[in-house]
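A short write-up of the structure that comes next.
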Amino acid sequence: MISACILIRTERGRFQDVAKKLKQIKEVRRAFPVLGRFDIVAEVEAADNKRLGRAILKANRMAGIVFTETLPQVEGS
């Protein structure tokens, strides 16, 4: 399995709605509101890079999202 965190900034007042919709994406394990520069953190997990990429793109295109930053997991040495 491969995983990533997506840091998400939403339109004003839309964070709860967006978090609920993110949870409907199969690969999203958790999506929760946070304080700071971003409004939501979503944890995504998939079997391979292709599926992970599709899930991230699906989230990025979601209505109410203004900006995202994706932090992919790296393997340690």
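Side notes on the structure shown:
- Note that region 56-73 has calculated 3J(HN,Hα) couplings of 5, 5, 4, 5, 4, 8, 5, 4, x, 8, 9, 7, 9, 9, 9, 10, x, 5 Hz, one per residue in order, obtained from phi through the Karplus relation 6.51 cos²θ - 1.76 cosθ + 1.60 (θ = phi - 60°); glycine and proline are x.
- Cβ-placed point charges (K, R +1; D, E -1), dipole of region 2-72 about Cα centre in debye, nearest 20: 220
- For the chain, with +1 on Lys and Arg beta carbons and -1 on Asp and Glu, the positive-most of PRO72, VAL18, ALA31 along the dipole: VAL18
Rule-based calculations on the coordinates, nothing more; no lab input. None of these values were measured; they are calculated from a predicted model. Using ideal geometry, Cβ is built from the backbone for each residue, glycine included, and neighbour counts are taken over all protein chains shown.
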